[in-house]
Structure formats: C-alpha cells, structure tokens
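Visitor: Here it is: the structure, laid out below.
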Amino acid sequence: MKSLAVLAIALATLSAVSAQCPRIINRAGWGARAANTAVLPNRPAPWVVIHHTAGSSCTTDAACAQQMRNIQNHHMNNNGWADIGYNWCVGENGAAYEGRGWGRQGAHAPGYNHQSMGICVIGTFTNNIPNQAARTATQRLISCGVSNNHISGSYWLIGHRQAVATACPGNAFFNEIRNWPRFNPNP
Ligand SMILES: [Zn+2]
C-alpha cells in the first residue's frame with residue numbers, strides 16, 4: 001500500500017514535469033533544411049533571450065511552418081548563417097518550433113549566443129503583445145528547458161534590446177516580459 005502511494009506520487013511528478021513542455025514541432029515537422037551548428041559551450045544555458053521576428057504572425061500550423069521556412073531561408077541565404085539563428089520560435093498557434101534547438105549555439109544576440117537559448121515569438125509586437133497561447137507556450141518552453149537541464153535553474157531572462165541596439169522584441173512585448181519570472185533589468 002505504501003509503495004503504491006509512492007509510485008503514484010512518482011508518476012504524478014513525472015507527468016507534471018512533462019506537462020510543463022508546450023506542444024513541440026521538431027525540425028522535420030516544419031520542413032527545416034539540414035544544418036549542422038556548434039554545440040553550446042555554456043550548458044545548461046544561464047540566459048534566455050527573448051525576440052520577435054518583426055514579421056507576420058501566424059495562428060495555424062501551416063502558416064507557422066511556412067514562417068519558419070521563410071526565416072530559415074532568410075538567415076541562410078541572405079545572412080549566410082549555418083542555420084536559422086534562433087534556438088526556438090513560438091507561434092500564436094501555441095506551438096514551439098525547434099530552430100537550432102537545445103544545447104546548440106544560436107546566432108541571435110551578440111555576447112549571449114554562447115551562453116543562452118534564443119527564443120523568438122513569430123510576429124511583430126511593437127503595439128500588441130503575443131496572444132495568450134504564444135505567451136503560455138513560451139513560458140512552458142522555458143520551464144521545459146529548466147526541467148530537462150537545457151536551461152539553468154538560476155537563469156536570467158532578457159530581451160534582445162538589452163544585448164544590442166535594436167527594437168526587438170518590440171515595445172509592447174518587452175514591457176510584458178519585464179513582469180516574467182527571472183527577468184534581469186540590468187544584465
Ligand atoms: Zn531579436
């Protein structure tokens with residue numbers, strides 16, 4: 001009886017941990033081009049850098065997958081990068097899209113690429129914040145990363161504009177993330 005109770009608690013804990021992860025679309029799921037990027041030197045990542053794409057938003061799986069392919073093509077063809085720059089992107093369909101992914105060095109914020117997970121939300125958030133689905137998915141993705149030791153439990157969260165002069169992640173979204181857990185106003 002006692003061991004059954006312990007087992008039940010263990011199973012409940014296990015499901016609670018995996019429940020923190022959002023719906024994840026891996027690279028094959030959005031039709032990513034093959035790429036090989038460097039392993040993140042500083043793991044688990046001590047920083048999380050939030051971005052917007054400054055482009056169109058998406059609310060369907062088809063539209064978000066298309067956005068991911070567009071961004072990857074732009075980063076590889078126009079910028080000459082090895083892959084899409086972000087580690088993860090989140091759509092307003094509530095899904096998290098694997099960019100370079102966990103444990104890989106991104107190309108998104110000078111000074112932080114070797115020590116962070118760069119997470120973008122697909123869209124332009126100058127005047128409006130991402131919808132509830134995207135905000136929840138982004139926060140779950142961070143919790144998921146911490147639970148699986150891809151992000152440090154004592155991580156700090158910043159917006160891209162705190163690393164370099166840029167409007168990213170948009171005025172409205174930046175004001176929103178200032179209220180998120182682990183936000184660092186003075187990185
Ligand atoms: Zn950015």
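Visitor: Pairs of alpha-carbon atoms within less than 8 angstrom and 6+ residues apart define the contacts here; what relative contact order does the chain have, in percent? It would help to have the intermediate numbers written out before the result.
Guide: On the way: 379 pairs, mean separation 52.5, N = 187.
Computed over the chain, the figure is 28 percent.
Visitor: With a bin width of 10 angstrom, please list the P(r) values of the chain as percents of all Cα-Cα pairs, from the 0 bin to the one holding the largest distance.
Guide: 10, 38, 36, 11, 4, 1, 0
Visitor: Follow-up. Using a 1.4 angstrom probe with every protein chain in place, what is the largest-first accessible-area order of Cys21, Cys120?
Guide: Values: Cys21 35, Cys120 0 Å².
Ranking Cys21, Cys120 by accessible area, largest first, yields Cys21, Cys120.
Visitor: For the chain, which whole-number percentage of the solvent-accessible area (1.4 Å probe, protein heavy atoms only) is attributable to carbon and sulfur atoms?
Guide: Here carbon and sulfur together make up 52 percent of the probe-accessible area.
Visitor: Kindly identify segment 106-169 as rounded, prolate or oblate by the Cα gyration tensor criterion: order the square roots of the eigenvalues as a ≥ b ≥ c, call it rounded if a/c is under 1.5, otherwise compare a/b with b/c, prolate if a/b is larger, else oblate. Mind showing how you got there, number by number?
Guide: Numbers: a/c = 2.36, a/b = 1.11, b/c = 2.12.
Cα axes put segment 106-169 in the oblate bin.
Visitor: Give the angle, between 0 and 90 degrees and rounded to the nearest 10, that separates the Cα long axis of helix 2-19 from the longest principal axis of the Cα atoms of the chain.
Guide: Approximately 10 degrees, to the nearest 10.
Visitor: What do you get for the angle between helix 61-73 and the principal long axis of the chain? Use alpha-carbon atoms, 0 to 90 degrees, nearest ten.
Guide: Orientation of helix 61-73: about 50 degrees from the principal axis.
Visitor: If you count only protein heavy atoms with a 1.4 Å probe, what accessible area per residue comes out for the chain, rounded to a whole Å²? Before the final figure, lay out the partial values.
Guide: Working: 8760 Å² over 187 residues.
Heavy-atom accessible area per residue stands at 47 Å².
The values are calculated or read from the model by the stated rules, or taken from the named source; none is laboratory data. On a predicted model such as this, the values are computed, not experimentally measured, just so you know. Just the protein is used for accessible areas: all its heavy atoms, side chains included, with ligands, DNA and RNA removed. Shrake-Rupley method; radii C 1.70, N 1.55, O 1.52, S 1.80 Å.
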